[in-house]
Structures are given as structure tokens and as C-alpha cells.
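Read the figures in this text as sums done on the coordinates, not as results from a lab. Not measured: the values here are computed from a predicted model. As a convention, Cβ positions derive from the backbone with ideal geometry for all residues, glycine included, and neighbour counts pool all protein chains shown.
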Amino acid sequence: MSRPFLAVALALLVLAGGACATAEAAGPRRVDIRIHHSRFSPEAITVPAGVPVTFVLRNDDPIDHEWLIGDAAFHARHRTGGEAAHADRPDEVSLPALASRSTTLVLPPGTHVFICHFPGHERYGMVGTVTVR
């Protein structure tokens, strides 16, 4: 093999490796959130912008909860809302006792708040944030 050919082949391998790493970095992410003793864990999460993030929510409590993520206006509507369950919206997830659910979102850059709006749960501390960078 000639040296110029070897140099080109090596350069192509380096570029291909970098492309794979970039594709992997832009791929979907998974975030596990556990609910235990009416608390979210973790309460603060950071994810990359522009990629799908699958939130896997596990309710270890013997009571129902919900995971609603949105801006201030979204949460203001839900604090007074009468929706008993959230089935078809990826930013609104109902979590029966001792159950798991998942949802996938692509969130815009910024800080997004997730809350359980069942009576008294937000006041008790069922609040968390997702920072998107």
C-alpha cells in the first residue's frame, strides 16, 4: 500500500468515526424519573436541545400521580383544571399507583417545569425542572 493511499484511508476512518459520534449525540435520549413518597427523583434534569427525549416515569407510590410539563400558562390552566386523566398528550401523563409510563418529547431550549397537580401535591413538593441546552 502506498503512503498517500494509507493517509487518505486513515483520514476517512477518522471522519467516519466522528460522524458516528455526532449521530449518536443527536440521537434519542432516555431519562428515568421515579416517584417515591410523593417526590420526583431526580428533580432537576438537563437534556440536549433538538433531540427526542423519552421520559420513563415510574410511580412507586400506592397512590396515583401525574407528570405534566409545560410553561407557566400551561400550569396555571392545570392548577384549576378538571381533567382526571391525561391519555393522549405527550406532555401530560397520568400515573396510576405502582405503574410505569413513558412519553417522548422534543423540548425547545430553556427551562421547563414538571408538576403533579393533584390536590396538595405541588405544595408538598412534587415539582421538577428540565433544562434544555
- [ ] Give the peptides 120-128, 63-71 in descending order of average Cβ contacts within 10 Å, highest first.
- [x] 63-71, 120-128
Open item on the list: Could you give the length gained by full extension between residue 32 and residue 89, i.e. 0.36 nm per residue of separation minus their alpha carbon distance, to one decimal place?
Closed with: 18.7 nm
Task: Relative contact order [Cα under 8 Å, 6+ residues apart], segment 28-119, whole percent - done: 35
Task: Per residue, the convex hull volume that the Cα atoms of segment 32-133 enclose (Å³) - done: 88
TODO: Tell me the label-point distance for the pair residue 102, residue 127, using the 7 Å Cα-to-Cβ offset, in nm and rounded to one decimal.
DONE: 3.0
